[in-house]
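The structure under discussion appears below in the form of structure tokens.
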Amino acid sequence: MNRTTLSLIAGATALAAVTGFAALSTPDASGADPAGAAAARLPVERTSLLCPAPSTSDLAETSYTSFTPVTKGTENKGKAQLTPAAQESDGQTGDKSGEKDDAKGDEKSDKKGGAEAARPVVQPKAPGTPVTATTNGAGTPASVGTAEGSYAPGWTVQQTTEVAAGSGRGLLGVNCTAPDTQFWFPGAATTADRTDYVHLTNPDDSAAVVDIDLYGKDGAVKSTVGDGITVPAHGSEAILLSTLSDAQEADLTVHVGVRSGRVGAAVQALSDKTGGDWLAAATDPAGSLVLPGIPKDATAVRLVLFTPGDTDADLKVRLASPTGLITPAGHETVRVKAGMTTGVDLGEVTRGEAGSLVLTPTDRSVPVVAALRVVRGKGEKQETAFIPASGPVGARATAADNRAKGTVLSLAAPGKAAQVKVTASAGSEGGTTASRTYTIKGGTTQDVQVPVPAGLKGTYALTVEPVSGGPVYAARTLTQPENEDAAAFTVQTLPDDRGMVAVPEAEENLSVLQK
């Protein structure tokens, strides 16, 4: 058995040990209940979230927005907290050369307030109302969060960072993620104009051991440095991809496999020319994929794909536009060679309209992972964001940190038509909830006019709940409308927030004790 296979087996064992039966009973993407009619859908009682260290820039301004939607069936008790993880030992260099400097302390940070500036702790209010916290500068560590009771179902934390200048300038956003044992990141790079880090955060009381594998246009990229990386208990590590290999890869797929323990993982992609953003993990390899919410004013879109198996994948490429499914000219199909990363330039594929990319097999279904690298603006005003392939909204999806201006919600129904309810929460500093229901035609994507809380002060959250019809995919785009010359933006996909799990009914059966 090769190392990857061992990692997958260990990861599956660890996941079963941590999440138990609930993980085995979660409804599939189609909304069908695999446990049958006997299974009841109940709110989760505990949720863990992990946020990466936001930035190494002294100019960084980071906000955290925590929100839990109101969920029927929960008791009015519990709590949630987001606390700082242990500081990275490597200073985001990919080696241990920064340990000596770390021991001396950061005098610059001390002058700005020391530990207080490095603690972006969010203290959530009651479910239904978002709460925010801010931090500035480069000293902010990763964060580890836990929610229990009524605070747990659908708990969402959005981390948004504005960097005024320098590498990775612009708006960087990421949804803090649940710990897991395997992650795929198509769309990373190790070229001279890119500085990409893999951020790993460990929520548990024991160290986690992680392998990082890289795949370029010619297959696996040779590296031994990515094997057996230790992430300390309640700590985090940021690994510079270019330290794992000397290869210059413009389209790179990163695989994070956990040998022992669990981690949260995200890739921070930074560029001097086109800004930067977080690349969230793509949904698990599948034969058909949806990449929702391409901004209508995108000036360049690049599709990056990878298949982890030993069989080539042939995919049909279509765009779900406001009027229906269309085939991008010159990109009717794409072939993804087994074990190799493929990049395809789609140009200005949306042509001024909302759009989502839909990938389906031309013949035989072969599991694939995919992501889009999207650029807005031109020349020196370019900014980059990423859209990984996403799962459907499912029962409910949640997006925190929405503003009165600059929020765009995209809803896609690649198959059957769907009816969707969108609810805006109260504002973090005032305002009352509002909701609206939309009908999305089959095969289309719509940028909907989101409801805004009456009397809004601060930021608000959006919850998306399918009412009827086929699967719905969603993405939220944030922009900076106050700066008309800037193209700064970030996109977050909205898969199911995992606030509910299917729990089968059980009855006593003493026959299992008999031989």
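The values are calculated or read from the model by the stated rules, or taken from the named source; none is laboratory data. Bear in mind that the values here come from a model prediction, so they are computed numbers and not experimental data. Here the Cβ is made from the backbone with ideal geometry for all residues, glycine too, and neighbour counts use every protein chain on show. What goes into the accessible areas is simple: the full protein's heavy atoms, side chains included, and nothing from ligands, DNA or RNA. Shrake-Rupley method; radii C 1.70, N 1.55, O 1.52, S 1.80 Å.
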Inset, instruction - Would you mind listing how long region 353-464 runs along its three principal axes, going by Cα atoms, in whole Å with the largest first? - result: 53, 41, 23
Inset, instruction - Provide the per-residue ³J(HN,Hα) series for region 325-331, in order, calculated from phi with Karplus coefficients 6.51, -1.76, 1.60 and θ = phi - 60°, each as a whole number of Hz, with x at glycine and proline positions. - result: 7, 10, 9, x, 4, x, 9
Legend entry - Solvent-accessible area per residue, Å², over region 174-241 with all protein chains present [probe radius 1.4 Å]: 33
Inset, instruction - Step through the residues of region 308-314 one at a time and calculate ³J(HN,Hα) from phi using the Karplus curve (6.51 cos²θ - 1.76 cosθ + 1.60, θ = phi - 60°), rounding each to whole Hz and writing x for Gly and Pro. - result: x, x, 10, 10, 5, 10, 10
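Which of rounded, prolate, oblate describes region 107-257, given a ≥ b ≥ c as roots of the alpha-carbon gyration tensor eigenvalues and a/c under 1.5 marking rounded, otherwise prolate only if a/b is larger than b/c? Can you show the working numbers first?
Details: a/c = 1.87, a/b = 1.48, b/c = 1.26.
Here region 107-257 falls in the prolate category.
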Inset, instruction - Return the sequence-ordered ³J(HN,Hα) values of region 273-289 in whole Hz as given by the Karplus equation 6.51 cos²θ - 1.76 cosθ + 1.60 applied to θ = phi - 60°, using x for Gly and Pro. - result: 8, 10, x, x, 5, 8, 9, 7, 5, 6, 4, 4, x, 8, x, 10, 9
Inset, instruction - Round to the nearest 0.05 the FRET efficiency obtained for Ile326 and Thr191 when R0 = 25 Å and r is the Cβ-Cβ distance. - result: 0.20
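Taking the Kirkwood radius as the inverse of the mean 1/r across Cα pairs, report the Rg/Rh of region 244-301. If you can, show how the numbers build up before the last one.
On the way: Rg = 14.7 Å, Rh = 14.9 Å.
For region 244-301, the value is 0.99.
Quick check: convex hull of the Cα atoms in region 325-394, volume per residue, rounded to a whole Å³?
Considering the Cα atoms of region 325-394, their hull volume per residue is 144 Å³.
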Inset, instruction - In whole Å, largest first, what are the principal axis extents of the Cα atoms in region 212-271? - result: 35, 25, 15
Inset, instruction - First compute the accessible area of region 287-404 with a 1.4 Å probe, then give the percent of it belonging to carbon and sulfur atoms. - result: 45
Legend entry - Greater than 28 Å apart at Cα, pairs in Lys79/Lys405; Lys79/Lys457; Lys72/Lys457; Lys381/Lys416; Lys217/Lys441: Lys79/Lys405; Lys381/Lys416; Lys217/Lys441
